[in-house]
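Peer 1: Please read through the structure below; I'll follow up with questions.
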Amino acid sequence: MRNLYKLLLLAAAAMAIAAPNAGATSGVEVMDEISEDHCGEVIVTGHEASGGCVLFVASEGGAGTPSTQLISHTGISEATISICSLQFTARVNEEGHGYITSQQMSGASCGITACDEPPTDHEHHTWEIQLTELFANHAALGLTFCIRPSSVQEGSNLLPPCSVVIDVSEPQQHDYEFTANGVPCLENPTLELRGHWTLSFTSIEINHL
């Protein structure tokens, strides 16, 4: 989790410089929208997660829409590595910490998939996430993800993890959207994530403290 916290602190510092009157950084409280209970702890067993509050997220336009892009920068130019449709399930606790599972990446120009175990196992690795508030009433999602080329054998050629900060907006009450406008990886700034994802179903509300 150290990289996620480092990344979120860097993002908070950058936003504080850009908006010095935005106020102090605070946390979030995540609750079940229906029962109004605090989200419980997320338990990870192997590569499966249970507990917490559940979010179902998909590329803007729904499953099958290729709106997730990985871009490589060479200094003076850029090249598109992949364009994918992405959908996944996420579970978070009261403090906004959790994990993504059931990642599905597809599309004619995708060419990547989530890191996984060898063919005897077939399980995708979990991706760690952390919801936080960067400044007053503005949330963000820290994400560390791992991918591999879909053309190679399961469990092989896993690429290094990439940690990014994704903007969280709320155009309608408790209807959250996630946006990455060329967000660089903490571990490799020449690699950027672009995309827009919406909730296909959620039962959470994010309260700003």
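Peer 1: Those residues that are of a type in the set (Asp, Glu) and either surrounded by 17 or more Cβ atoms within 10 Å (Cβ to Cβ) or assigned to a loop (DSSP other than H, G, I, E, B) (or both), I need them from the range 45-90; list them, please.
Peer 2: Passing the criteria: only 60.
Peer 1: Further, regarding this structure: Quick check on my filter: what residues within the range 161-196 are more than 29 Å from residue 53 (Cβ to Cβ) and outside any strand (DSSP E or B)?
Peer 2: 188, 189, 190
Peer 1: Condition first: closer than 30 Å to residue 119 by Cβ and among the polar types (S, T, N, Q). Now tell me which residues in the range 156-199 satisfy that.
Peer 2: 156, 157, 163, 188
Peer 1: Among the residues that make up the range 141-151, is at least one of them among the aromatic types (Phe, Trp, Tyr), free of Cβ contacts under 8 Å to residues at least 60 places away in the same chain and surrounded by 20 or more Cβ atoms within 10 Å (Cβ to Cβ)?
Peer 2: yes
Peer 1: Sticking with this structure for a sec: Here are 67, 85, 102: which of them is modelled with pLDDT under 90, closer than 28 Å to residue 174 by Cα and polar (S, T, N, Q)? First the steps, then the outcome.
Peer 2: On the way: 85 fails: modelled with pLDDT under 90; 102 fails: modelled with pLDDT under 90.
Matching residue, one of 67, 85, 102: 67.
Peer 1: Can you confirm whether the range 90-107 contains a residue that is touching a residue at least 60 places away in the same chain (Cβ under 8 Å), under 17 Å from residue 197 (Cα atoms) and not β-branched (Val, Ile, Thr)?
Peer 2: There is no residue in the range 90-107 that is touching a residue at least 60 places away in the same chain (Cβ under 8 Å), under 17 Å from residue 197 (Cα atoms) and not β-branched (Val, Ile, Thr).
Peer 1: Identify, from the list 134, 158, 199, the residue that is part of a loop (DSSP other than H, G, I, E, B), touching a residue at least 40 places away in the same chain (Cβ under 8 Å) and aliphatic (A, V, I, L, M).
Peer 2: Matching residue, one of 134, 158, 199: 158.
Peer 1: Among 101, 113, which is in a strand (DSSP E or B), β-branched (Val, Ile, Thr), under 27 Å from residue 51 (Cα atoms) and more than 14 Å from the chain's Cα centre (by Cα)?
Peer 2: None of the other options fit; the residue is 113.
Peer 1: Filter the range 174-203 for residues that are surrounded by fewer than 16 Cβ atoms within 10 Å (Cβ to Cβ) and of a type in the set (Asp, Glu); which is farthest from residue 81 (Cα to Cα)?
Peer 2: Across the range 174-203, the extreme among qualifying residues is 175.
Peer 1: Next question. So which of 107, 111 is crowded, with 18+ Cβ neighbours inside 10 Å, in contact with a Pro (Cβ under 7 Å, 6 or more places away or on another chain), closer than 21 Å to residue 155 by Cα and not hydrophobic (A, V, I, L, M, F, W, C)?
Peer 2: After applying the criteria, what remains is 107.
The values are calculated or read from the model by the stated rules, or taken from the named source; none is laboratory data. None of these values were measured; they are calculated from a predicted model. Neighbour counts are summed over all protein chains in view; Cβ atoms, including those assigned to glycine, are modelled from backbone coordinates with ideal geometry.
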